[in-house]
Amino acid sequence: MSQPPLMPKATAVWLVENTSLTFEQIAEFCKLHPLEVRGIADGEVAAGIKGLDPITSGQLTREELERAAGNPNHHLRLAERKVKVPEMKKAKGPRYTPVSKRQDRPNAILWLLRNHPELKDAQVIRLIGTTKATIAQIRERTHWNAQQLSPIDPVSLGLCSQIDLDFEVGRAAKDRPAAMAEVGSTLLPAEETTAPVRTETQPFADMSRPKREEEAAIDVDSVFAKLKQMKRPAEDDEDEG
């Protein structure tokens, strides 16, 4: 994988302002997302960043730039560096946010909570560089400035790149089916959920059958007893005659 140029956003600003390259060409060369480059062209991203000429800085040759301008499918290549620059390792931990943009973090957190509720707090912390307590306050509407907050895309605020946001959203989407499978495995079988509920006022049908048969037997005995009582007076009258 090719290395990005030094100061990729500043380089992208210069290429947008001074060349006719496509957004895809600039995004690929500067290792940015095409939507991020479009935001630079619209003035919504990288506002206030001064463009860096990649030709004067020795990162791109004029011949390579003219070749790419004449062919939209051409992929820009970095010029060979005369001095090797050691690769910078990405530091672990929360993302560092400049002091000038820290006041925008609550608005970005609110946007993430509304538009991507599947993101975990740890993912929001990596994207914005905030704390778990601040996320909880904004989620519960107990933040000191909750009434004045408005959801704003963190990419447009410059707090994170579109690539990082898409990566975290994709990771959260992969974790969601596993969580749904765990919930589905705890469902009761249909035999149990559709079985009739036994109550005192409404017993089961098979429990009521013996009682009905017993009542029927009792009624038959009483009928025969009454018939016997009715026959006895008639027999006594015959004996007297």
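Bear in mind these aren't lab numbers, they're just calculated from the coordinates by the rules spelled out. These numbers come from a predicted model, not from an experiment. Please note: Cβ atoms are built from the backbone with ideal geometry, for glycine as well, and neighbour counts cover all protein chains shown.
The trypsin sites (Lys or Arg not before Pro) found in the stretch 9-75 that occupy coil by DSSP, while having at most 10 further C-beta atoms within 10 Å, are Lys50. Applying a DSSP loop filter and a limit of 10 other Cβ atoms within 10 Å to the chymotrypsin sites (Phe, Trp or Tyr not before Pro) in the stretch 10-41 leaves nothing. Annotation note: GluC sites (Glu not before Pro) in the stretch 97-176 located in DSSP loop regions with a Cβ neighbour count of at most 11 within 10 Å are Glu140.
If you plug the beta carbon distance of Ala136 and Glu63 into 1/(1 + (r/R0)^6) with R0 = 51 Å, you get a FRET efficiency near 0.40. The charge dipole of the stretch 99-185, taken about its Cα centre with unit charges on the Cβ atoms of Lys, Arg (+1), Asp and Glu (-1) only, comes to about 220 debye. Note down the Stokes-Einstein diffusion coefficient of the stretch 1-84 in µm²/s, whole number, using a Kirkwood radius over alpha carbon pairs, 25 °C, and 0.890 mPa s. So the translational diffusion coefficient is about 193 µm²/s. For the stretch 99-185, the Kirkwood estimate of hydrodynamic radius, built from reciprocal distances between every pair of different alpha carbons, is 13.5 Å.
A crude spin-label estimate for the pair Ser20 and Lys228, with each label 7 Å from Cα along the Cβ direction, gives 12.0 nm. For the listed residue pairs Lys31/Lys120; Lys50/Lys174; Lys50/Lys132, the alpha carbons are over 29 angstrom apart in Lys50/Lys174; Lys50/Lys132.
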